[in-house]
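The values are calculated or read from the model by the stated rules, or taken from the named source; none is laboratory data. Remember, it's a predicted structure, so these values are computed and weren't measured experimentally. Don't worry about glycine lacking a Cβ; one is built from the backbone with ideal geometry, like all the others, and counts go over all protein chains shown.
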Amino acid sequence: MTKITVYGASSHTMAEPFVSQAELLGEMIARRGWTAVHGGGSGGVMGAVTRGAQRVGGAVTGIIPMFMVERGWLNDDLDDVVYTADMAQRKQLLADEAAAMVVMPGGIGTLDEFFQAVTLRQLGFNDAPIIVVNIDGFFDHIIAFLHRAAECRMMRGNSLDDLFTVVNDAPAAIAALDRLCPA
């Protein structure tokens, strides 16, 4: 079973375009027979991906630290839950489970997961494709920063295009996954 890890905001108050694109992404992942994997939360991108996937009969796995469960952040609608001791173990399992990683808009936690995934890919420890979904230009400044870091030779020889793919919406993310993921 192909597992697609989705990183993204947990906010219950994120703007509508992000919600609808996350739901569409979950639906499209499920329609391909893939399993969506995320951080196990009920809000934001995670909740929307779960709703979208399950609306069409898809499966969703959550990987969540016990302290988040104790705070009531677990999505009770998940098909499968993996409990971890801490955030580091969660990040490791999210990456280990992934045939590919899709980065949706989010905050500090999402950026932490994205940078770890890109770092591991650059170092050759993970070859799973990374797709950045740049809805409404959300990641423009981060992408510009990375280009500036490469321009200033702060990054090793890898081209940014070899590290991740940037798309503008869920359908383009799925098209990239279709191209980049092994069957």
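Listed here are the residues, each with its yes/no results for (1) modelled with pLDDT of 95 or more; (2) at positive phi; (3) surrounded by fewer than 17 Cβ atoms within 10 Å (Cβ to Cβ); (4) not charged (D, E, K, R).
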{"residue": "146", "(1), (2), (3), (4)": "no, no, no, yes"}
{"residue": "157", "(1), (2), (3), (4)": "no, no, yes, yes"}
{"residue": "161", "(1), (2), (3), (4)": "no, no, yes, no"}
{"residue": "166", "(1), (2), (3), (4)": "yes, no, no, yes"}
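Tell me which of these residue 42 doesn't satisfy, since it passes every other one: (1) within 19 Å of residue 97 (Cα to Cα); (2) hydroxyl-bearing (Ser, Thr, Tyr); (3) surrounded by fewer than 20 Cβ atoms within 10 Å (Cβ to Cβ).
(1)
Of the conditions (1) at pLDDT 95 or above; (2) over 21 Å from residue 34 (Cβ atoms); (3) surrounded by 13 or more Cβ atoms within 10 Å (Cβ to Cβ), residue 177 clears all except one; give me its number.
Residue 177 satisfies all of (1) at pLDDT 95 or above; (2) over 21 Å from residue 34 (Cβ atoms); (3) surrounded by 13 or more Cβ atoms within 10 Å (Cβ to Cβ) except (2).
Does residue 118 count as among the β-branched types (Val, Ile, Thr), closer than 18 Å to residue 2 by Cβ and in a helix (DSSP H, G or I)?
Taking the combined requirement at face value, the residue does not satisfy it.
Tally up the residues in region 54-99 that are surrounded by fewer than 17 Cβ atoms within 10 Å (Cβ to Cβ), part of a helix (DSSP H, G or I) and touching a Pro at 6+ places or on another chain (Cβ under 8 Å), please.
Here the count works out to 2.
For region 10-33, name all the residues that are touching a helix residue (DSSP H, G or I) at 6+ places or on another chain (Cβ under 7 Å), within 15 Å of residue 52 (Cβ to Cβ) and at pLDDT below 95.
14, 17, listed by residue number.
Hey, can you tell me all the residues within region 101-128 that are crowded, with 22+ Cβ neighbours inside 10 Å and within 18 Å of residue 170 (Cα to Cα)?
Hits for region 101-128 are 101, 102, 103, 104, 105, 106.
Within region 6-53, which residues are closer than 27 Å to residue 86 by Cα, outside any helix (DSSP H, G or I) and either hydrophobic (A, V, I, L, M, F, W, C) or free of Cβ contacts under 8 Å to residues at least 12 places away in the same chain (or both)?
6, 9, 13, 14, 34, 36, 37
Consider region 138-177. How many of its residues are touching a residue at least 60 places away in the same chain (Cβ under 8 Å) and either over 21 Å from the mean Cα position of the chain (by Cα) or part of a helix (DSSP H, G or I) (or both)?
Final tally of qualifying residues: 5.
What's the number of the condition residue 129 fails, among (1) in contact (Cβ under 8 Å) with a residue 24 or more places away in the chain; (2) within 17 Å of residue 3 (Cα to Cα); (3) out of contact with any Cys (no Cβ under 7 Å at 6 or more places or on another chain)?
(3)
For residue 111, are the conditions met, namely being part of a helix (DSSP H, G or I) and either of a type in the set (D, E, K, R) or modelled with pLDDT of 95 or more (or both)?
Numbers: part of a helix (DSSP H, G or I): yes; either of a type in the set (D, E, K, R) or modelled with pLDDT of 95 or more (or both): yes.
Considered against the rule, which asks whether it is part of a helix (DSSP H, G or I) and either of a type in the set (D, E, K, R) or modelled with pLDDT of 95 or more (or both), residue 111 comes out as yes.
The conditions are (1) part of a loop (DSSP other than H, G, I, E, B); (2) at pLDDT 95 or above, and residue 127 fails exactly one of them. Which is it?
(2)
When the residues of region 65-89 are narrowed to those that are of a type in the set (Val, Ile, Thr) and in contact with a strand residue (DSSP E or B) (Cβ under 6 Å, 6 or more places away or on another chain), which ends up farthest from residue 27 (Cα to Cα)?
Step by step, filter region 65-89, then rank; the result is 84.
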